[in-house]
Amino acid sequence: MHDRGQEDLDLHVYPHGDAAFEADVHAALARSRETIDTTRRLIESVRRDLEARYPRIRIEEQNGLAAIDGRRRWYVYRDGKIA
């Protein structure tokens, strides 16, 4: 079963304003999407790709029941938490 395309993925990257980290997240996601199509494996692949540079990185997927717009939402924390 294939997940929906990247346009249905809404990334929330913390801390806000760290353009380099956000760019790294998008690049890792693009690399991982070349070979992976399931959400669970995709999250793990992106995390593994970035953990050498960001050892405290944490990625969480929003519970599907909480989505009101039908989009998948990931929360990506550079330091393992918002603040």
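Bear in mind these aren't lab numbers, they're just calculated from the coordinates by the rules spelled out. Since this is a predicted model, take the numbers as computed values, not measurements. Cβ sites come from the backbone with ideal geometry, for glycine too, and all protein chains shown count toward neighbours.
Each residue of segment 10-18 in order: what ³J(HN,Hα) in whole Hz does its phi give by Karplus 6.51 cos²θ - 1.76 cosθ + 1.60, θ = phi - 60°, with x for Gly and Pro?
10, 8, 10, 10, 10, x, 4, x, 8
With +1 on each Lys and Arg Cβ and -1 on each Asp and Glu Cβ, and nothing else charged, work out how big the dipole of segment 17-83 is about its Cα centre, in Debye to the nearest 20. Provide the component values of the computation, followed by the final result.
Values: 14 positive and 12 negative charges, 31 e Å.
About 140 debye.
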